[in-house]
Amino acid sequence: MRKNSRLMVLFLVVAMMVTVFAVTADAKAKYTLRFAGNYAHDHPGTQSQYDIAEEVKQATNGEVEITVYPGGQLGDYSQVYEDVMRGNVDMGFFYITGQYNPMLEISSMPYLATTWEGLAKVFSPTSFWYKTYEAAHAEVGVKLLGVYVDSFISLATMKEPTEPFNVEANHNILIRIPPAELYKVTMKDLNYDTVTINWSDLYTSMQTGVCDGWIGGTATLNYFQFRDLIKHFYPVRMFVENVSYIMNKDTFDGLPEEYQKIVFDACQKQAKFSVENAQKTEAEYQKKLADENGVKIHDITQEDIETLAAQVRKASWPKFAKMFGEDVIQGLISDTQ
């Protein structure tokens, strides 16, 4: 009888522990968020998503659980941006277009910065650019949590242009640009002849001589996609390849304030890391292009870059005022000073 009583007590204790653990587990699952991305599973940007999810989980004692869906599992970036707007997907990490708000195109402004330090400044929450970009997201129901930097976008060619760093020279080369007004205006104001070619047709176009080179990629992208074609790489730092951490605004506002801060800070942490990593990666893949494929990496001084930037800011930025407004252009100018 005494043995049965002990077994009964043991059974009750175990049952109570199971119940407690179950209740605790339920309590920790207060907020479950889906985090969409378009990079491959092993891309550093995707790793940043996993790092954010883990940091938020630890800091909230498991009450905020973020599941990452990389590689476009939840859809193409333009589609998923709309899903984030509507709250069908909680969070996103991808390139942003002006499809839902033309002001979002300022993420592709040429020569927002000319140095890595300037890049970190422009993409920080205190800059005019960031506040404007953040407000543009908010207008369509999206909370901007941070900006991840892949690297500067530079010029890659199969033949050598004439005086590429002289803003007044005729460069005698045909450069591919994406179907974007910002690229078209910028390259024209730097005296380049251009042809618009979609990404899907770019490799074949370069291979068959439809164009002599292209603008739109980092050293890393040129290495992985075009290293067997290009002969010259000019690190002119014209545009910035960047990706945004975003969240449905209502979902973000629905989190307790302390959790809002945890999520925001985790994204900002990865955004800062990205600039540091981008500088190292850029140098690494420029070297790979040269050492492994014989691509000539053309030396460019900071003075040359500043000359190109001054020309674009003087000639092109006023034209963009029609898209963004004169007040925005003046604000962006203040970020460069």
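Throughout, read-outs are computed from the coordinates displayed, never taken from laboratory work. Just so it is clear, the structure is predicted and the values come from calculations on it, not from any experiment. With ideal geometry, Cβ positions are generated from the backbone for all residues, glycine too; neighbour counts draw on all protein chains shown.
Tabulated values for the structure
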item: Whole-percent pair-distance distribution, where bins are 10 Å wide, for the alpha carbons of region 31-335; result: 6, 27, 34, 23, 9, 1, 0
item: Simple spin-label estimate for Lys159 and Asp291 in nanometres, 7 Å along Cα-Cβ; result: 3.2 nm
item: Pairwise centroid distance, computed over Cα atoms, of region 202-225 with region 101-119, Å; result: 22 Å
item: Shape category assigned to region 197-337 from the gyration tensor of Cα positions, a/c cut at 1.5; result: prolate
item: For region 125-277, share of DSSP beta bridges that run antiparallel, in % to the nearest 5; result: 75 percent
item: Cα gyration tensor, region 110-262 - rounded (a/c under 1.5), prolate or oblate; result: prolate
item: Shape of region 235-313, Cα gyration tensor, a/c cut at 1.5; result: prolate
item: Footprinting exposure proxy for Tyr192, Tyr95 (fewest neighbouring C-beta atoms within 10 Å first); result: Tyr95, Tyr192
item: Sites excluded, GluC sites (Glu not before Pro) in DSSP loops with at most 14 other C-beta within 10 Å, longest stretch of the chain; result: 169-337
item: Neighbour-count ranking [beta-carbon atoms within 10 angstrom, fewest first] of Trp116, Trp129, Trp214; result: Trp116, Trp129, Trp214
item: Normalised contact order of the chain, rounded percent, pairs of Cα under 8 Å and 6 or more residues apart; result: 21 percent
item: Residue order, fewest to most beta carbons within 10 Å, for Asp76, Asp90, Asp193; result: Asp76, Asp193, Asp90
item: Value at 222 nm in deg cm²/dmol, rounded to 500, when DSSP H runs of n ≥ 4 in the chain each add -39,500 (n - 2.57); result: -16000 deg cm²/dmol
